[in-house]
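Visitor: Attaching a single structure in structure tokens format; questions to follow.
Rule-based calculations on the coordinates, nothing more; no lab input. The structure displayed is predicted, hence computed values, not measured ones.
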């Protein structure tokens, strides 16, 4: 597999991959509420599991982009399924 390289349109430098977490604190709060509800069987358990899954989705969002090593110019990129 060939490594993908780009040249910066501003300075001609090379780009590197970067990621930035954009999740909110609301995701953590939703997970905590979900964990507390799991003990109230059966309805609380179902709602708790749903809230945990929703909270994990909100809390783990990331933005992926390319950044120039020289000047710091950046633009968004799509994350591949196999990237972590």
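Visitor: Taking all pairs of distinct Cα atoms, average 1/r, flip it, and tell me the Kirkwood hydrodynamic radius of region 22-76 in Å to one decimal place.
Guide: About 12.8 Å for region 22-76.
Visitor: Using 0.36 nm per residue of separation minus the Cα-Cα distance, give me the extension gain between residue 17 and residue 41 in nm, one decimal.
Guide: 4.1 nm
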